[in-house]
1. Within the stretch 307-335, restricting attention to residues that are assigned to a loop (DSSP other than H, G, I, E, B) and either at positive phi or in contact with a helix residue (DSSP H, G or I) (Cβ under 8 Å, 6 or more places away or on another chain) (or both), which residue is surrounded by the fewest Cβ atoms within 10 Å (Cβ to Cβ)?
2. Taking the stretch 416-426, which residues are under 29 Å from the mean Cα position of the chain (by Cα), part of a helix (DSSP H, G or I) and in contact (Cβ under 8 Å) with a residue 24 or more places away in the chain?
3. Under the condition of being out of contact with any strand residue (DSSP E or B) (no Cβ under 7 Å at 6 or more places or on another chain) and part of a loop (DSSP other than H, G, I, E, B), which residue from the stretch 180-192 is surrounded by the fewest Cβ atoms within 10 Å (Cβ to Cβ)?
4. State whether the residues of the stretch 378-385 include one that is buried (at least 24 other Cβ atoms within 10 Å of the Cβ), closer than 17 Å to residue 322 by Cβ and in contact (Cβ under 8 Å) with a residue 24 or more places away in the chain.
5. For the stretch 270-297, give me each residue that is surrounded by fewer than 16 Cβ atoms within 10 Å (Cβ to Cβ) and either at pLDDT below 95 or assigned to a loop (DSSP other than H, G, I, E, B) (or both).
6. Of the conditions (1) closer than 24 Å to residue 204 by Cα; (2) surrounded by 18 or more Cβ atoms within 10 Å (Cβ to Cβ), residue 68 satisfies every one except a single condition; which number is it?
7. Answer yes or no: is there a residue in the stretch 193-211 that is in contact with a strand residue (DSSP E or B) (Cβ under 9 Å, 6 or more places away or on another chain) and under 20 Å from residue 52 (Cβ atoms).
């Protein structure tokens, strides 16, 4: 019997344009397609609750897809390096293929594992499958990593990107029976209570769902993406982020599809350019994480280490529950809890509110998003929170403090977003729905709103909070 090869899938749960899987097929060996749930190696960054829900359904879809191609999906749980080595021994595997990850713990694990496999005479090959460009290929003229996004993306556009590969017609599976966990035994789905009821109607995890999401975005929203992406009350975003994070579709597939659409329909070009810039931010975040592996825990700008945060648990709890008294903030936090997702503009508003209105450490918000987002991505999450805080690379200046009222009035002018997620305010007229405390008593009464009872009073005054934040941030050491 020909010795098998292991194709170890991680954040690349797809058949098409999967370089590791293609490498396994090209090796002409029977394949063991493997996924390992490793809650030990990542430490504090083990996969969060909402992402576990997504992972369950994505693995269900992947198992069906792999079976249709002629193989089986083997599931193991435990330390990934140990699980791979155990499976190599059990199956007598002569090769292991995987696509590279860029989280610090994954890099250290993969490097050590590759050395152990090679020492045992086992071929160990890694591929580029998660980004458009590898972090070490995008450099400044002096050979350093980029710290500012615009020149980074300009440099990326000069690099050649591979074309996506089609799915293999067949995957020759390893015939010898191997022990495999049952997905249900991993208990990835919440049950007591089932807080994920709103996720199912909002999403279709899996490769087929990713392709449908991409097609729907190109057909329905790409043309107006430049402007529509900021509008809270409409579906203007791509909603591809969780599919990209779990690798149900590759960024190369997305990029090429968008470029082809714009070439065929010139009216789509403006939206395509803007969208590809956002796709580039994903690569930029991964680059920052690769070159500065402490990004999720430590201020990128060290002068922010001197900042004295406000350790206010009651305020943080009000923020997480969408009970701050600021309708657009509360709508966003409730959208997150129900759907596992938050509109990108809303992410900036809510992050700014936590950091600058409440002076709560950005790391607490980062951890909350990590647990509640279905698209929680370590590089993106850390880079974006530090961007808002002003402590990161190419960061927003500290004096940029979003006014939640004017943000709501500008990006949710008709109040549709607030009315959907904060239904107790639904009957308020447009001109006061983002500032109910400013509404006359008779207007509040007619709308059935009793401040402090049916809807909270603001937990901070915007003007006072803004002045407090400006003073606190201005006191930081310059650098």
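The values are calculated or read from the model by the stated rules, or taken from the named source; none is laboratory data. All figures in this text were calculated on a predicted structure; none of them were measured in a lab. With ideal geometry, Cβ positions are generated from the backbone for all residues, glycine too; neighbour counts draw on all protein chains shown.
1. Per the criteria, the residue is 308.
2. Answer for the stretch 416-426, where residues must be under 29 Å from the mean Cα position of the chain (by Cα), part of a helix (DSSP H, G or I) and in contact (Cβ under 8 Å) with a residue 24 or more places away in the chain: 416, 417, 418, 420, 421.
3. 192
4. no
5. Within the stretch 270-297, 294, 297 qualify.
6. (2) is the only condition that residue 68 fails.
7. no
To keep it simple, each residue is scored yes or no on (1) touching a helix residue (DSSP H, G or I) at 6+ places or on another chain (Cβ under 8 Å); (2) in contact (Cβ under 8 Å) with a residue 40 or more places away in the chain; (3) surrounded by 21 or more Cβ atoms within 10 Å (Cβ to Cβ); (4) part of a helix (DSSP H, G or I).
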{"residue": "54", "(1), (2), (3), (4)": "yes, yes, yes, yes"}
{"residue": "59", "(1), (2), (3), (4)": "yes, yes, yes, yes"}
{"residue": "83", "(1), (2), (3), (4)": "no, yes, no, yes"}
{"residue": "88", "(1), (2), (3), (4)": "yes, yes, yes, yes"}
{"residue": "98", "(1), (2), (3), (4)": "yes, yes, yes, no"}
{"residue": "108", "(1), (2), (3), (4)": "no, no, no, yes"}
{"residue": "118", "(1), (2), (3), (4)": "no, no, no, yes"}
